[in-house]
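Worksheet for the structure shown next.
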Amino acid sequence: QGENLLYCFEVAPTQPALTQVTQCRTEGSTRGLAAVPRLALDVMACEVLRVLQLTDTALVPVSYLVPRKSVQEFHEDLFPDCAGTLPATSAQAWWAGDSQQVVRVSLHPARRSTETFSSPVIACTQLQAANTSSTDADRSVSTGRQGACWGAKGGYSSPSSLASPGSAATSLSVSTGPSSGFASSPSQKSLQSILGPSSRFRHAQGRVLHRDTHLTNLRGLSLTTPGECDGFCANHQRVALPLLSAGGQIAVLELSKPGRLPDVAAPTIQNGTAVADLSWDPFNPQRLAVAGEDAKIRLWRIPEGGLREMLREPEAVLRGHTEKIYSIRFHPVASDLLVSSSYDMTVRIWELSTGQEALCLQGHTDQIFSLAWSPDGKKLATVSKDSRLRLYEPRRGPRPQQEGPGPEGGRGARLVWVCGGDYLLVSGFDSRSERRILLYRAQALPEGPLSVLGLDVAPSTLLPFYDEDTSVVFLTGKGDTRVFLYEVTPEPPYFLECNSFTSNEPHKGFVFLPKTVCEVREVEFA
């Protein structure tokens with residue numbers, strides 16, 4: 001009472017005896033709770049449980065549904081026969097030793113009785129004339145305009161005075177632990193087989209490391225990097241942070257020297273123009289590529305041990321784009337290859353060893369929100385404001401090999417390759433600005449998404465980070481405090497929810513370090 005979380009557990013006679021299935025956050029604080037009888041459930045919608053929550057001002061039904069592909073048929077495994085409503089014996093007979101049990105009745109709508117009777121408490125205005133039969137004990141609940149009456153058809157629906165926009169329909173998921181069916185009741189299958197899979201990583205915990213590891217007293221950070229940029233970048237040795245000061249300055253901090261930074265200004269990179277995006281070379285921890293708003297890409301070399309003086313001269317400058325650059329990405333497999341996208345609606349691939357443009361990819365008609373190399377480096381995927389996904393194979397030519405429908409909303413999108421490079425996960429918006437994630441088969445973009453999952457309504461684009469070892473994707477936006485975690489699978493239901501992580505204050509940027517920095521003895525995986 002007084003809480004707004006509703007936990008659902010599976011109880012089993014074997015270990016683990018209690019397994020959490022789901023938790024549901026309600027709008028109002030709970031003042032009381034009651035479960036609706038099984039005979040009143042909407043069995044054809046696969047509703048396995050309904051709880052009525054009493055708040056300060058309302059009765060709110062919370063419905064638990066089991067996701068099933070077909071809701072046209074009655075699922076016997078979800079709804080074993082339940083106790084009917086006729087007594088099995090009288091009080092005198094029970095004292096005399098009679099131990100008969102209440103007759104069990106089917107929840108199948110076609111096998112329900114047509115019997116109707118009125119409650120002595122609530123006068124029902126919609127009674128139908130019906131023959132009452134003492135043998136058929138099966139009743140369901142339906143609602144009349146003036147109150148509730150026990151009727152033959154339909155599921156329980158609440159009068160309008162009880163209906164609340166906060167009614168939550170919670171989709172159940174369940175543990176992959178040992179089977180929990182009771183041996184004594186073959187009709188009561190384990191929740192595992194009924195509810196489908198849940199993630200092995202659903203109990204992953206996000207934990208803020210000790211303050212000794214933090215870099216604090218950061219000053220003059222630029223928090224206005226474009227939405228296509230992650231805000232800053234890191235490798236296993238150092239981080240690069242754009243600063244607010246004129247001339248596009250960039251601070252480079254060594255991760256091996258945590259703690260409070262001195263108040264005096266530290267040496268920086270003088271980029272000469274505002275930073276649009278920046279990225280470390282994955283094969284050279286001392287090389288930083290910086291895309292500027294002047295349509296040029298500058299390559300900087302950080303001396304061994306970090307910056308000791310101002311860096312003013314880049315190692316190389318890449319020229320070719322005619323307008324401001326959106327984002328840059330290093331190739332995951334080959335050295336000295338970089339791709340960039342720009343307001344000139346081209347995607348260009350650069351040979352860094354010669355400082356020349358190697359290929360210009362064509363086919364975009366609007367702003368390019370995001371681009372990503374496939375893990376094997378063979379393909380390049382893009383998502384743009386024209387609500388299209390495009391897949392290129394640069395070694396085959398400059399035109400897209402495939403195109404498909406992307407997220408509808410034009411507010412921003414990101415993409416990342418998942419499941420061994422066979423699938424694409426796209427984060428974006430729908431037409432009503434709800435943030436959502438979409439999963440595509442990389443070989444079949446024109447067929448559209450396999451699955452779409454709506455998350456919440458917020459202004460910033462969700463930045464996806466994918467851990468290929470566990471197949472867990474982390475999603476959060478600039479200005480958010482919550483990080484969503486989902487395990488991505490190549491078969492339905494595709495997205496398995498894990499524990500989300502909530503930070504104390506909104507983040508301005510969010511990047512993942514290489515896997516080699518994880519403390520594997522602590523089972524840290526990201």
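The values are calculated or read from the model by the stated rules, or taken from the named source; none is laboratory data. All figures in this text were calculated on a predicted structure; none of them were measured in a lab. Note: ideal-geometry Cβ built from the backbone for every residue, glycine included; neighbour counts use all protein chains shown. Accessible surface is based on the protein model in full, side chains and every heavy atom, while ligands, DNA and RNA are left aside. Shrake-Rupley method; radii C 1.70, N 1.55, O 1.52, S 1.80 Å.
Computed over region 225-361, the convex hull of the alpha-carbon atoms projects to a mean area of 8.2 nm². Please check which bits of region 39-65 a label hung off PHE74 would reach, taking the label as a point 7 Å along Cα-to-C-beta and the cut-off as backbone N under 20 Å. The answer is 39-50, 65. Looking at region 225-361, the accessible area is 42 square angstrom per residue; that uses a 1.4 Å probe and ignores ligands, DNA and RNA.
For region 14-59, with every protein chain kept in place, what is the accessible area per residue (1.4 Å probe, Å²)?
Working: 2370 Å² over 46 residues.
Ligands and nucleic acids excluded, the figure is 51 Å² per residue.
With a 1.4 Å probe and all protein chains kept in place, how much accessible area does LYS508 have, in Å² rounded to the nearest 10? Spelled out: LYS508, probe radius 1.4 Å, area about 120 Å².
Place the peptides 451-459, 86-94, 44-52 in order of packing, highest mean first, counting for every residue the other Cβ atoms within 10 Å and averaging per peptide.
Values: 451-459: 14.3, 86-94: 12.0, 44-52: 18.0.
Output ranking for 451-459, 86-94, 44-52: 44-52, 451-459, 86-94.
Projecting the Cα atoms of ALA316, ILE302, GLY227 onto the charge dipole of region 225-361 (Cβ charges, centred on the Cα centre) puts ILE302 farthest toward the positive pole. Per residue, region 412-526 exposes 46 Å² of accessible surface when a 1.4 Å probe is rolled over the protein heavy atoms with every protein chain present. Cα centroids of region 1-27 and region 292-330: 52 Å apart. The simple spin-label model puts a point 7 Å past each Cα toward its Cβ; for ARG200 and ALA17 those points are separated by 2.8 nm. Shape index of region 419-498: Rg/Rh, with Rg the Cα radius of gyration and Rh the Kirkwood radius from the inverse mean 1/r over Cα pairs, equals 0.95.
Pulled fully out, how much extra length does the chain show between ARG396 and ASP456, if you take 0.36 nm times their separation in residues and subtract their Cα-Cα distance? Display every interim value, and only then the final one.
Numbers: separation 60, 0.36 × 60 = 21.60 nm, distance 3.94 nm.
Gain in length upon complete extension: 17.7 nm.
Of all the accessible heavy-atom surface of region 225-361, with the other protein chains kept in place and a 1.4 Å probe, what percent is carbon and sulfur? The computed percentage sits at 51.
First compute the accessible area of region 386-526 with a 1.4 Å probe, then give the percent of it belonging to carbon and sulfur atoms.
It is 47 percent, rounded to a whole number.
Carbon-plus-sulfur accessible fraction, region 17-84 (probe radius 1.4 Å, protein heavy atoms only): 55%. With the simple model of a label 7 Å out from the Cα in the direction of the Cβ, ARG104 to THR216 spans 6.3 nm.
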